[in-house]
1. Filter segment 1-23 down to the residues that are modelled with pLDDT under 90, basic (Lys, Arg) and in a helix (DSSP H, G or I) and list them by number.
2. State yes or no: is Phe346 under 19 Å from Phe361 (Cβ atoms) and modelled with pLDDT of 95 or more?
3. Run down Arg250, Arg256 and say which single residue is assigned by the TED database to the domain that holds Leu158 and at pLDDT 90 or above.
4. How about segment 234-334: which helices (runs of 4 or more DSSP H) wholly inside it have at least 3 residues that are open to solvent by 20 Å² or more (accessible area, probe 1.4 Å) and farther than 18 Å from Leu368 by Cα?
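The values are calculated or read from the model by the stated rules, or taken from the named source; none is laboratory data. All figures in this text were calculated on a predicted structure; none of them were measured in a lab. Positions of Cβ are backbone-derived with ideal geometry, glycine not excepted, and every protein chain shown enters the neighbour counts. Each accessible area value is taken on the protein alone, full model and side chains, heavy atoms only, with ligands, DNA and RNA left out. Shrake-Rupley method; radii C 1.70, N 1.55, O 1.52, S 1.80 Å.
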Amino acid sequence: YLKISKLALAFAIIHSKPPGKSSKEYTEHLAKTVSEQDFGWKSKVEALEAEVLRLRQELLLNKICPRFCLENNATAETLLDQECVNPMSYSSQLEDSGCDVSNDYAFDSLGIASDFHQSEHNVDTSKCWLERIPPLSLCCTSKEESLTAPVQFLQHLLEIRQLSEGGIVQADFTELENDSFTVCNSVSQLLDGLTVFYNSPKFPVSNFLTEAVCVLIRLITDTKLSNHVLKKCFKKLEEFKKNLIQSILRNSSVNRFQALHAVSHTLVLLARNNMLRNSLISLLLSEVRQFAEQLLQAHQMQAMYDITQYENIFSLCMILEQLLQNETEESNVSSSDYDGEEKIKFLKNLDQIILHLSDEFPLFSLYLWRVSVLLNSAQMQ
């Protein structure tokens, strides 16, 4: 039957081909036309799926905090006006491109330091949700358009959370448990979009991407929302952290250090959530240990090693050192919270590794020793 069908199709093409075209040319033209139609259908399906997700997001927001509670409550609007004491808008806060790297400590490589700290103390964005226009008026490129819906949805959640915490509105966040698909999909889209950016970052960073990072950090550090998000999206967040770590290790561009700085500080910001911090410490310990073992083996065999990865490993060492320092300074956090197995593996034979590498690789050996000191001091505390 298949052979007969192919033969019939061949005859149909030969008989219907226009004059001046060979059968091969006409067949290629028909194949191209069909493939374009398939691509068009795929685009339509993706657009419809995006619209379905947007409607589900809107429905979930209405379930958490019905709109009429806000729109028909004059007192709430008055209170919201009082909350908006800071006239500075998001777009004006984010005018700085964040390209200045003169301050090594600041998070300004992504332009998120001032905005993130501002959001911890202000509720000046709360009125945006009351208005019928989207809170994000920032322009975005075609690559960033896929992030618009998840960023706006998560930003709305944060704004409702701020309003409910201030007693301005009543919100039922248990609805997040009943619609895990919408929450998971929104967070996944946000993380996927940020992963694409971090794999090939361009500077100066756009305001839209800066806002996307701010929304993610506020989400995972919010005391009420973070529990719902981590419950459903922990694996995706773990994958995101692994991707960021690999983007640091694999980056071989000549002027890569500003990009490494940006990724490093994003990882440090993610570690503001205790659960993510513990798993991040374990991931970093594992990566640094594996590289140290590979470097020792290459050194003993007088073999070549990856110089780019050697240069990039210091970014992971600095992140690890900062996280461990923060952990030892916080009396309410125990060093046993993160994976004890990775800690044991890291410390095992570490003295021998440092001894053999100290002459050829003194700086890396020093970092290994500093990390081991922090691990041991945390254990003693």
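1. Result: no residue meets the conditions.
2. No, not satisfied.
3. Sole residue among the options that is assigned by the TED database to the domain that holds Leu158 and at pLDDT 90 or above: Arg250.
4. Values: elements: 257-270, 274-300, 307-329.
So the answer is 257-270, 274-300.
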